[in-house]
Amino acid sequence: MPVQGTFFYDGDCGFCQWSANKLRELTGERLEIRPAWVGRSQPGLPAAVDRGVQERIECEAVYWSLKSEVEKAGHAPALFGGHRAIARVLEECGRRPWIRAIGRVIALPVVSPAAGVLYRVIARYRHKLGPLVGEQACALPRD
């Protein structure tokens with residue numbers, strides 16, 4: 001199956017790397033997963049996508065959906081961030097029907113706000129979560 005999109009995660013974060021590996025298990029070859037670094041452009045991307053990733057990568061993961069991408073001049077690329085990125089990835093790229101169903105559930109209007117809060121809490125404390133999963137690398141200050 002061809003790649004359906006690209007998922008960018010904070011390349012300086014050990015917990016984010018661990019999470020990206022788990023996401024790779026759920027999606028297989030359907031998704032390209034790449035580390036991104038604040039202030040460093042991503043080679044091989046359209047300029048609008050690279051700008052979108054740079055604007056968001058410090059605070060949240062970013063998903064560039066090729067499936068819903070409109071490649072027309074003047075249209076913004078289809079970028080999703082945070083919990084919406086994870087929901088969209090699971091829905092579009094999940095290897096199994098139950099994985100795709102989880103993505104749809106996360107995106108439901110009654111679930112999405114809670115998923116957003118959970119995502120923000122995890123993102124805020126990700127530098128403390130790395131050691132819990134055996135990852136030490138994190139450029140965020142350890143307070």
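When ligands, DNA and RNA are left out and all protein chains stay put, how many square angstrom of accessible area per residue does segment 5-133 have with a 1.4 Å probe?
54
Indicate the gyration tensor shape class of segment 1-44 (rounded, prolate or oblate), computed on the Cα atoms with a ≥ b ≥ c the square roots of the eigenvalues: a/c under 1.5 is rounded; otherwise a/b larger than b/c is prolate and the rest oblate.
oblate
On the protein heavy atoms, probe 1.4 angstrom, tell me the percent of accessible surface of segment 1-124 carried by carbon and sulfur.
It is 58 percent, rounded to a whole number.
If you build the Cα gyration tensor of segment 5-133 and take the root of 5 times each eigenvalue, what three semi-axes come out, in whole angstrom, biggest first?
Value: 21, 19, 14 Å, ordered largest first.
Pull up the DSSP beta bridges for segment 5-133 and report the antiparallel fraction as a percent, rounded to 5.
The answer is about 55 percent antiparallel.
The values are calculated or read from the model by the stated rules, or taken from the named source; none is laboratory data. A quick note: this is a predicted structure, and the numbers were derived from the prediction, not measured. All accessible areas refer to the heavy atoms of the entire protein, side chains included, with ligands and DNA or RNA removed. Shrake-Rupley method; radii C 1.70, N 1.55, O 1.52, S 1.80 Å.
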